[in-house]
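The values are calculated or read from the model by the stated rules, or taken from the named source; none is laboratory data. Note that the structure is a prediction, hence the values are computed from the model and not measured. When we count neighbours, we look across all protein chains shown, and the Cβ atoms used for this are built from the backbone with ideal geometry, even at glycine. Calculation scope for accessible area: heavy atoms of the full protein, side chains included, ligands and nucleic acids excluded. Shrake-Rupley method; radii C 1.70, N 1.55, O 1.52, S 1.80 Å.
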Amino acid sequence: CVVSVTNVPPPHSTIRPGSPVPVNTNNPGVHKAARFGVYRYNNSSNDLFLFKESQIKKAMVQIVRGLKYMLHVEIKRTVCEKRDHSSLDSCHFQREKNLQRMLRCYFEVWITPWTHTVRIPVAHC
């Protein structure tokens with residue numbers, strides 16, 4: 001999959017590559033990285049329903065042979081069933097009380113734009 005990371009702010013001139021820096025949770029690159037973390041979670045969970053990010057609590061980015069995002073994300077169960085393979089953008093969060101579920105996750109998402117690769121070495125929920 002092709003990832004555009006042009007919207008990531010350049011690191012401050014005093015910050016050396018390799019130092020994680022805080023990045024705005026509204027940053028488009030952060031949102032893309034969070035979605036990759038969610039895909040990884042959905043692929044490994046036994047839940048019948050897909051989960052989707054509901055809130056990005058904290059985001060850091062580290063410049064290390066690409067961009068490594070460190071994200072604290074809340075994800076919630078949607079109404080979309082896994083077997084339907086729905087687009088997460090069109091999946092709404094569960095409204096039924098007994099089906100609602102929220103998880104706090106930590107994702108590390110490593111994006112290398114020039115090779116169009118995404119690795120997710122850490123996904124803890």
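Of all residues in the range 57-77, those that are open to solvent by 50 Å² or more (accessible area, probe 1.4 Å) and closer than 30 Å to Gly18 by Cβ total 5.
The single condition among (1) assigned to a loop (DSSP other than H, G, I, E, B); (2) at pLDDT 95 or above; (3) under 23 Å from Asn24 (Cα atoms) that Arg65 does not satisfy is (2).
Residues checked against (1) farther than 25 Å from Pro22 by Cβ; (2) aromatic (Phe, Trp, Tyr); (3) open to solvent by 40 Å² or more (accessible area, probe 1.4 Å):
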position: Val79; (1), (2), (3): yes, no, yes
position: Ser87; (1), (2), (3): yes, no, yes
position: Ser90; (1), (2), (3): yes, no, yes
position: Arg95; (1), (2), (3): yes, no, yes
position: Arg104; (1), (2), (3): no, no, yes
position: Thr112; (1), (2), (3): no, no, no
position: Ile120; (1), (2), (3): no, no, no
position: His124; (1), (2), (3): no, no, yes
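Within the range 27-56, the set of residues being out of contact with any helix residue (DSSP H, G or I) (no Cβ under 9 Å at 6 or more places or on another chain), open to solvent by 30 Å² or more (accessible area, probe 1.4 Å) and touching a residue at least 12 places away in the same chain (Cβ under 8 Å) comprises Pro28, His31, Lys32, Phe36, Arg40, Tyr41, Ser44, Ser54, Gln55. Collect the residues in the range 27-86 that are among the hydroxyl-bearing types (Ser, Thr, Tyr) and more than 14 Å from Val109 (Cβ to Cβ), keeping them in residue-number order. Within the range 27-86, Ser44, Ser45, Ser54, Thr78, Ser86 meet the criteria. Of the numbered criteria (1) in contact (Cβ under 8 Å) with a residue 12 or more places away in the chain; (2) in a strand (DSSP E or B), the one Arg119 fails is (1).
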